[in-house]
Every structure is written in structure tokens, then in C-alpha cells.
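Written below as C-alpha cells is the structure these notes are about.
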Amino acid sequence: RKRVVVFISGGGSNMLALVKAAGEPDFPADIVAVISDKADAGGLAKAAALGIATFSFVRKDYASKDAHEAAILSTLESLSPDIICLAGYMRLLSATFINAYEGRIINIHPSLLPLFPGLHTHQRAIDAGMTQAGCTVHFVTEGMDEGPVILQTAVPVLPGDTVDDLAARVLVEEHKAYPKALRLVAEGKVRMNGGRTLRDEGGLTRDLS
Ligand code: GAR
């Protein structure tokens, strides 16, 4: 089984979905630790209550972004993760960090990327008059919410939807998509190569939902 470290900044519902999936005997990965850039991230307490090792690295405790990342990298070295899952981690990783785990960092974002990266995703989708929204799990490259797609799930945007309505509808799908994507990566069925996604098409179709 692959060793996975999950990065969070908030409530950690996606992290919990990954932990739950990893509790299944046939799942190919274990969540060995949760790392946050916020000492009070709700997800940290939830992970600790489940007996998972937790670490927080508060940015203002470090003189620079480099020093902050160096501290995280040094802890990661002792955890020796095979895969890092960003799950609502609201900080851009540097090229140095990403290169240290090239092709082994994945992220979930609540839109159909490349549409609406960054913040206020759902508001922007509603304002654009979109009739479809969704979530994307992708390999992490240097840009924010960029990188080759592993898996996407679409949901409808309904007339009168508020941001909260749409966010809740997408979140239900995030909790299914992220474990599915992690399984594919952990089993080596999907991997990043030269900035693109390679899929083992043996028994795999593009629509995995
Ligand atoms: C999720 O909707 C995730 O997709 C989003 O933050 C939320 C975290 O919720 N991530 C991003 O916007 C990344 N750009 P959670 O803490 O309950 O998993």
C-alpha cells in the first residue's frame, strides 16, 4: 500500500473521505499523516481523533515562503510519502517543492478546470450562467489549480442556485471523486508524464463516474 500525506487548510471533509476510503481493505493506500498551514484547521482535530498523525506549519512562524516549505519538506522526509493529496490546502507550492515530489502531488478543485481556478469558484460559475459545474482532481504543477486532469465529475447548476447550494452539490461529488482518483494514482493506472496524463486504458474508460 502506498503512503499518503494529506494537506489541508480547513474543515477537511475531503481528507475524511480519503481516510474513509483508505479504511477499506482493498484500498491501495494508507493516510499516514495530515499537514495543515493553519493550527486551528477543523480537519486537524478530526484527523487526530482518528489516530492519524497531524502537523501544522503556520506561515507566519517562518521568515519566508522558502523557510516554511523547507520545514514541511523536512517533516515529509521522515514520513516518506509516495503520494501527497492537497485537499483544500489554500497555498501555492513552489517549483522546488513540486519538483521534490514530481508527479506525486494531486489536488482537488471544485470546478471543471481549466474553468474557474482559484477563489470564489462557485460564484464565478453562477455569474457566468453555467448550466454545468463540477470538480476536478489533477496532478499539481506550478500554476494554481493547473496540471493534467486525472478525473472530473459534472453536476448541474440549477436555476436559483446560491453559492452554498452549488458548493454542497459539488462537494458530494468531490467526496467520491477524490478517493477514486487516489486509487487510480496509487495503482499506477494514471500517471503524469511530460506534463500530461497517461492512462492505462486496460479496462479503463474516460468516464469514471
Ligand atoms: C473543497 O471544496 C476543495 O475542492 C476546495 O476547498 C474545499 C475544501 O473543503 N479546494 C480549492 O478551492 C483549491 N483551490 P474540505 O476542507 O471540506 O475538504
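A few comments on the model shown:
- Of ALA39, ALA186, ALA87, the one that fluctuates the most in a GNM where the chain has Cα springs shorter than 10 Å: ALA39
- Within the stretch 1-103, trypsin sites (Lys or Arg not before Pro) in DSSP loop having at most 11 other beta-carbon neighbours inside 10 Å: ARG1
- Stretch in the chain that is longest and holds no GluC sites (Glu not before Pro) that DSSP places in a loop and that have at most 15 other beta carbons within 10 Å: 1-101
- The value of relative contact order for the stretch 1-88, using C-alpha pairs under 8 Å at least six residues apart, is 41 percent.
- Dipole in debye (nearest 20) - the stretch 47-129, about Cα centre, beta carbon charges: Lys, Arg +1; Asp, Glu -1: 220 debye
- Per residue, the stretch 8-115 exposes 44 Å² of accessible surface when a 1.4 Å probe is rolled over the protein heavy atoms with every protein chain present.
- Per principal axis, descending, Cα span of the chain in whole Å: 47, 42, 35
- Ordered by solvent-accessible area of protein heavy atoms (1.4 Å probe), largest first, the residues THR75, THR131 come out as THR131, THR75.
- Here the gap between ASP82 and LYS60, fully extended at 0.36 nm per residue and compared with their Cα-Cα distance, gives a gain of 5.1 nm.
The values are calculated or read from the model by the stated rules, or taken from the named source; none is laboratory data. Treat the numbers as computed from the prediction; the structure is a model and nothing was measured. Because the Cβ atoms are built from the backbone with ideal geometry, glycine has one as well, and the counts that use them run over all protein chains shown. SASA here: full protein model, heavy atoms, side chains in, ligands and nucleic acids out. Shrake-Rupley method; radii C 1.70, N 1.55, O 1.52, S 1.80 Å.
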